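K.L.:
Just passing along the structure, written as structure tokens.
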Amino acid sequence: MDSPDSLPSQNLAAQAVLTVSELTSQIKEVLEGCFPRVWVSGEISNFSRSSSGHCYLTLKDGDAQLRAVIWRTAAGRSRVELHDGLEVICQGYLDVYPARGSYQLVIQQIEPKGLGALERALRKLRERLAAEGLFDAARKRPLPRFPRRIALVTSPTGAAVRDFLEVLRRRWRGVDVLLVPVRVQGDGAAAEIARGIAIVNQLTTPVDVMVVGRGGGSLEDLWAFNEEAVVRAIVASRIPVVSAVGHEIDVTLADLAADVRALTPSEAAERVVPAEEELVATLRRQEQRLATCLRGRALSARTRLESIAARRVFRRPLERINLLARRIDELQSRLARSTGGRLERTRVLVEAKAAHLESLSPLAVLARGYSLTQRADDGRLVTSA
């Protein structure tokens, strides 16, 4: 009886063993032979255009995805503005790429079918939330100039954390970073992000600014940041929020609701903290301007002081006093002369008046030798000879 260990060897000997290249080549022949021309409808995702002009994308529906490529020649003929979320009808053929062991659709003709279901839902939600005023610029708050504590709500395993911390370390070291780990895509990611934002607002240690985001991805990958729960959590936050969803083309609803939008987590780090080198350079310029201003004011004050000191009143401070004293002496002399003259004139006038009165006095008449003669009988004055 054969042992179990000998059975696989006998089976391998009876079968032709193919290499990976041989098997891939056979699959390529079968697949490309069976599907030389196909029409496929789906929604565009992960669209990118290389510098060579080739376009790479993924066609998807609710249950499956298909990689696709549009070579530069076919892309030049297309008049369709391709972007993620656009639902299209494509005509092409299947091709197997042996280096990766994958197949793709080589698109030769592409026509738009309309907006995808996700983009239609996104547009409706955006219109409804905008009508509530959640995206109004009037409610946007400025970021603090020098934050001391930053909360980062993102996936702890993504490149966003590394990029953010690297830029932060290079620009500004005087800040603490609190990482709030959440899922940033998949089922339940939106609820985790909203809960993370709420937790930051409930911390006893105050946080100056909050960054919410992730690295780039397709519309489906970024969909958590288009959920209503995330938008309302950002609007309800009492802490300024920076949205840093790493996708330059698509604008998520979180970007519209946040106080500041950054294209990537790296740019978010540049927005929330100043550059230490730039700040030092600014301080040095201000120091130079202040020193120049102070030197100018000191020189102006010195010139003014020298001008004042050169005036006559400061060179001969007693000259004015002496002039005034001399003036007083002159006035005093004039006053004395004027008073003496007036007294002399008054004395002469008084003497003249006195002489006149003296001449009219009856005593003066008597003094000259006159007499009064009265009648003996009646005592009357004798007035005629």
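K.L.:
Would you please classify the overall shape of region 294-342 from the alpha carbon gyration tensor, given that a ≥ b ≥ c denote the square roots of the eigenvalues, rounded means a/c under 1.5, and beyond that prolate means a/b larger than b/c while oblate covers the rest?
P.N.:
The shape class here is prolate.
K.L.:
Need one word for region 12-121: rounded, prolate or oblate. Basis is the Cα gyration tensor (sqrt eigenvalues a ≥ b ≥ c); a/c below 1.5 gives rounded, then a/b vs b/c decides.
P.N.:
The shape class here is prolate.
K.L.:
Spin-label point model (7 Å from Cα, Cβ direction): what's the His54 to Ala16 distance in nm?
P.N.:
3.2 nm
K.L.:
When only alpha-carbon atoms count, how far does region 152-226 stretch along each of its three principal axes, as whole angstroms with the largest first?
P.N.:
Computed over the Cα atoms, the extents are 37, 28, 17 Å.
K.L.:
If amide hydrogens are placed 1.01 Å from N in the peptide plane, which non-local residues have theirs closer than 5 Å to the one on Gln108?
P.N.:
Answer set, sorted by chain and number: Gln91, Gly92, Tyr93.
K.L.:
Under 28 Å Cα to Cα from Lys353, which lysines show up? Leave out anything in the same chain fewer than 8 places away.
P.N.:
Within the straight-line limit of under 28 Å, Lys353 reaches no lysines at all.
K.L.:
Taking 2.2 N^0.38 Å as the expected size of a compact globular protein, what ratio does the Cα radius of gyration of region 240-313 give against it, to two decimals?
P.N.:
2.25
K.L.:
Using the heavy atoms of the protein chains alone and a 1.4 angstrom probe, what is the accessible area of region 280-385 per residue in square angstrom?
P.N.:
Per-residue value: 96 Å².
K.L.:
Considering only Ala75, Ala254, Ala160, give the residue with the highest GNM mean-square fluctuation for the chain, with springs between Cα atoms whenever their separation is below 10 Å.
P.N.:
Between Ala75, Ala254, Ala160, it is Ala75 that shows the largest mean-square fluctuation.
K.L.:
From Cα coordinates alone, what are the radius of gyration and Dmax values for region 217-343 in angstrom?
P.N.:
Taking only Cα atoms of region 217-343, I get Rg and Dmax of 39.4, 123 Å.
K.L.:
Quick one: if the Förster radius is 45 Å, what FRET efficiency do Glu351 and Ser371 give, using the C-beta to C-beta distance and rounding to 0.05?
P.N.:
According to the calculation, E is roughly 0.90.
K.L.:
Any idea what the relative contact order of the chain is, in percent, if you count C-alpha pairs under 8 Å spaced at least 6 apart?
P.N.:
10 percent
K.L.:
Where the eigenvalues come from the Cα gyration tensor of region 306-385, what are the semi-axes √(5λ) of the equivalent ellipsoid, largest first, in whole Å?
P.N.:
73, 8, 6
K.L.:
Which of the trypsin sites (Lys or Arg not before Pro) found in region 52-154 are loop residues per DSSP with 16 or fewer other Cβ atoms within 10 Å of their Cβ?
P.N.:
Arg79, Arg100, Lys140, Arg145, Arg148
K.L.:
Once you treat every alpha carbon in the chain as an equal point and sum by Debye, what is log10 I(q)/I(0) at q = 0.10, 0.13, 0.15 Å⁻¹?
P.N.:
Once normalised to I(0) and log-transformed, intensities are -0.90, -1.13, -1.27.
The values are calculated or read from the model by the stated rules, or taken from the named source; none is laboratory data. As the structure is a computational prediction, the values presented were derived from the model and not from experiment. Ideal geometry is used to build each Cβ from the backbone, glycine not excepted, and the neighbour counts take in all protein chains shown. What goes into the accessible areas is simple: the full protein's heavy atoms, side chains included, and nothing from ligands, DNA or RNA. Shrake-Rupley method; radii C 1.70, N 1.55, O 1.52, S 1.80 Å.
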